[in-house]
1. Between Asn91 and Ser52, what is the label-point separation in nm under the 7 Å Cα-to-beta-carbon projection?
2. Test of understanding: ordering Ser12, Ser28, Ser66 by Cβ neighbours within 10 Å, fewest first, what list do you get?
3. Please compute the Cα-Cα pair-distance distribution of segment 1-140 with 5 Å bins starting at 0, giving whole percents from short to long.
4. Excluding same-chain pairs closer than 8 in sequence, count the lysine pairs in segment 10-146 whose Cα atoms lie under 24 Å apart.
5. Given the Cα-Cα distance of Glu31 and Val256 and 0.36 nm per residue of separation, how much length would full extension add, in nm?
6. Which net charge results for the neighbourhood of Lys105, defined as the other residues with beta-carbon distances under 13 angstrom from its beta-carbon, given Lys and Arg at +1 and Asp and Glu at -1?
7. Over segment 2-134, what is the mean sequence separation of C-alpha contacts under 8 Å (at least six apart), divided by residue count, expressed as relative contact order in percent?
8. How do Lys18, Lys262 line up, fewest other C-beta atoms within 10 Å first?
Amino acid sequence: MVINEFLPDLDSSQDESKSEWVELANTSETETIDISGFVLEDEKNNRLIVSSEYTDLLEVPPQSFSVIYRNGSTFSLNNSSDIIFLFESTNSATPLDTVAYEKTKEGESLGRFPDLTGDFRDGLTPTPGAPNQPVATPKPTTKPTITPIPIKVSKVEAVTTSTKDEPNYQEQLENESTKISNKKTPETKVETQDLVQDRVIESTQSASRSSILGSIALVASESSRSEPDETIPSDQLKSKPKLYPFFFIASGLSFVIGAVVKFVREHSLFD
């Protein structure tokens, strides 16, 4: 027989003088053992002689347990530290088993793990008359983790458009747009861009026509002046330069201006 488990520090609602207990185990695999007259003794030599007054099971089957309750005896288990001796009888000089302990915890037992042959462990769930069990460790509650979602903020950069190298008609377009915008009501501002475009085109065409007419007039004037004058000597007439090539220059200029106007109409300069 061995000491298999004991409970020295009971729950505060229980009476230790009656409810403290020691569990004995029969390690034999074949023999039933009668524990009547066995003795439990503490460090102060206080004794408890096993009888039906302290247990319900005196004849312990193989690999089984019998629980011995204090039940008012002088034998006791200190909560701080103590030594438990198990003797086969009052006349035995050598104990069958001895267990010393130094710390306890309320409501938790100390016992062999595994039963019968294992070393003593503290912090067990009390199981008088049954196999020993460690205290169930509560599983930690997993808290959900909140992961911040990064928010991407697009960087907006200001774009500055330079107008230093733009043609003169762009400045004219802005001036005309400003004049028309100041005169128009909110309902007619949608038409401003078209009106500005028409004015610039008309101005360009007018300049083109004026240039062509001026060139033609200049050619005509030079032509009339180029007729032989009776009062002018013939040798002077030969040295006077001819102005007919200017006519072709004027025609070419007209063609270029017309091409510019067409380019302005077809491309996105007024979009």
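Rule-based calculations on the coordinates, nothing more; no lab input. Computed from a prediction, not measured in an experiment: that's the story for all the values here. Cβ placement follows ideal geometry from the backbone for every residue including glycine, while neighbour counts extend to all protein chains displayed.
1. Once both label points are built, they end up 2.4 nm from each other.
2. Neighbour counts put them in this order, fewest first: Ser12, Ser28, Ser66.
3. Histogram of Cα-Cα distances, whole percents per bin: 2, 11, 20, 25, 22, 13, 5, 2, 1, 0, 0.
4. 6
5. 68.1 nm
6. Every neighbour counted, the sum reads -4.
7. 27 percent
8. Lys262, Lys18
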